[in-house]
1. Could you give every pair whose Cβ atoms fall below 8 Å, whose first residue belongs to the stretch 41-66 and is closer than 16 Å to Ile346 by Cβ, and whose second residue is surrounded by 16 or more Cβ atoms within 10 Å (Cβ to Cβ) and of a type in the set (Asp, Glu), counting only separations of at least 6 or pairs across chains?
2. Name the strands (runs of 3 or more DSSP E) wholly inside the stretch 211-322 in which the number of residues that are within 16 Å of the ligand (Cβ to nearest atom) and over 27 Å from Glu97 (Cβ atoms) is 1 or more.
3. Within the stretch 1-79, considering only helices (runs of 4 or more DSSP H) that don't extend past its boundaries, which have at least 3 residues that are modelled with pLDDT of 95 or more, exposed (fewer than 14 other Cβ atoms within 10 Å of the Cβ) and outside the structural domain of Val406 (by TED's automatic domain parsing)?
4. Just give me the residues in the stretch 126-159 being outside any helix (DSSP H, G or I) and more than 12 Å from the ligand (Cβ to nearest atom), in sequence order.
5. Do you know which residues across the stretch 167-210 are surrounded by 14 or more Cβ atoms within 10 Å (Cβ to Cβ) and in a loop (DSSP other than H, G, I, E, B)?
6. Would a scan of the stretch 396-417 turn up a residue that is part of a helix (DSSP H, G or I), in contact with a strand residue (DSSP E or B) (Cβ under 9 Å, 6 or more places away or on another chain) and closer than 23 Å to Leu333 by Cβ?
7. Within the stretch 105-122, work out how many residues are among the acidic types (Asp, Glu) and within 7 Å of the ligand (Cβ to nearest atom).
8. Tell me, please, whether a residue that is buried (at least 16 other Cβ atoms within 10 Å of the Cβ) and in contact with a His (Cβ under 9 Å, 6 or more places away or on another chain) can be found in the stretch 350-359.
Amino acid sequence: MGVTDALLAADRRHVWHPFTQHAWWPEDDPLVISRADGVRLYDDTGKDYIDGFSSLWVTVHGHNEPRINDAIARQAATLDHSTFLGFTHEPGVRLAEALVTRSPQPLTRVFFAGDGSSAVEAGIKMAYQAKMQQGQQRPLYVHVAQGYHGDTLGAVSVGGIDVFHHTYKPILLDTRMVSSPGLRRPGQAPADRAAEVLAELRALLDEVGETVCAIVVEPLVQAAAGMLTHDVSFLRGVRELSTEFGAYLLTDEVATGIGRTGAMWAVDHADIAPDLLTCGKGLTGGVLPLSAVLTTDEIYESFLGDASRTFFHGHSYTANPLCAAAALANLELMDERDTVAHAAWIGRTLGDLLKPLEADGRVLEIRRIGTMTGIEVVPNGERTGFRICTAAREHGVITRPLGDVVILMPPLGITEPDLQQLVAAIRHGMDSVYA
Ligand SMILES: *Cc1c(COP(=O)(O)O)cnc(C)c1O
């Protein structure tokens, strides 16, 4: 038995992979990834692939970025870990500062968590408790159909993707949901769809607004739903309605943040500021797990007082110094390299490269904001999106679909020739699946 076969056999015996139907696993032929460099991943035979989806939307500059690796190594040699409960440390403080200077002005406070889900979890608890401490009982959350905010129970409660979320319905929080602004009728303009869902939101808030502590949205792109995009007027309208009805606005920028849409935050496109903003995924450059909730003085100050006003939340590795050092190096590099502007350039270039596919009969729709791209294809038998992505591997590209939406979200350090290879591989993948 070769090394790979032995590894796969042990995997089958002992490992349970995320979001994976293991009854299909052997025939789906899992790839063993052995190393990475820049925008490329290498399998155990040495074959290289462009990382077309930033290793599930996390990689920023590229893999094994020396500056980030050095920062982690230097930090590990100084202070590996110390709790943030009752103690503090430089990388955690400097990172909070760095995040605040890069964020909409009223966001002045940073609470660290581990994964995107745990940031959302902290954010929704914070919103409820803040309102309670201001003398308002508001136990209800409003969220958006087709939304995704992670897999812990609070995050699942504010999610709205049926295939992921319906199993857990009986054990979730009580919430109310409005329609997705990204699901337009044929020919409907994005702004018209936004106005329609805003009217629905207003009607809902007229009914239950007094009991809502937070409205939770993925700004501009509902990523896990298959890159459903919506108009900036939706975000602006939700901001206005939140304020009018006294609910907080939580924008979940775990996927959209850190430059991915061609702005530091998706809310920057709409020129609005939320009361709570969650980030994660690309925060450390895609190297280590770290997330954060950014919030306002108003919310922070409602927690000041006696012991009962403590925010009863924290994790063993809150603000882990290695993660914080990676994130600081990542943000510094983003400044030096003007990564956000480069992301906007990637978006435009992808748009140009994908133009011919827009008129392709096999494509239903291409949705994109900045680098976040979904190519919805016409189903052709079972798991069409999956088969296209598998075929694209033969042409040196790795990505994962969401149903029949092929996702492209390359690392923000990608160059034009690699973008060309990326799009060509998807086209080749389609050719072989529809042949
Ligand atoms: C991925 C994602 C999450 C969950 O983050 P994890 O790190 O996987 O827990 C939350 N919100 C959004 C918008 C996401 O895309």
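1. What qualifies is Ile50/Asp418; Thr59/Asp51.
2. Details: elements: 212-217, 248-252, 276-279, 291-296.
Here the list reads 212-217.
3. Details: elements: 3-14, 54-57, 66-78.
Because the criterion is at least 3 residues that are modelled with pLDDT of 95 or more, exposed (fewer than 14 other Cβ atoms within 10 Å of the Cβ) and outside the structural domain of Val406 (by TED's automatic domain parsing), the helices (runs of 4 or more DSSP H) in the stretch 1-79 that meet it are 66-78.
4. Kept after step one, since they are outside any helix (DSSP H, G or I), are these residues of the stretch 126-159: 134-152, 158-159.
The answer is Gln134, Gly135, Gln136, Gln137, Arg138, Pro139, Leu140, Tyr141, Val142, Ala145.
5. Listed by number, the residues that qualify are Leu172, Leu173, Ser179, Ser180, Pro181, Gly182, Leu183, Arg184.
6. As a first pass, look at the stretch 396-417 and keep what is part of a helix (DSSP H, G or I): 416-417.
Subsequent filtering for residues that are in contact with a strand residue (DSSP E or B) (Cβ under 9 Å, 6 or more places away or on another chain) retains none.
No: zero hits.
7. So the answer is 1.
8. Taking the stretch 350-359 as the starting set, the residues that turn out to be buried (at least 16 other Cβ atoms within 10 Å of the Cβ) are 350, 353-354, 357.
Still in the list and also in contact with a His (Cβ under 9 Å, 6 or more places away or on another chain): none.
There is no residue in the stretch 350-359 that is buried (at least 16 other Cβ atoms within 10 Å of the Cβ) and in contact with a His (Cβ under 9 Å, 6 or more places away or on another chain).
The values are calculated or read from the model by the stated rules, or taken from the named source; none is laboratory data. A quick note: this is a predicted structure, and the numbers were derived from the prediction, not measured. FYI the Cβ positions are ideal-geometry reconstructions off the backbone, even for glycines, and counts take in every protein chain you see.
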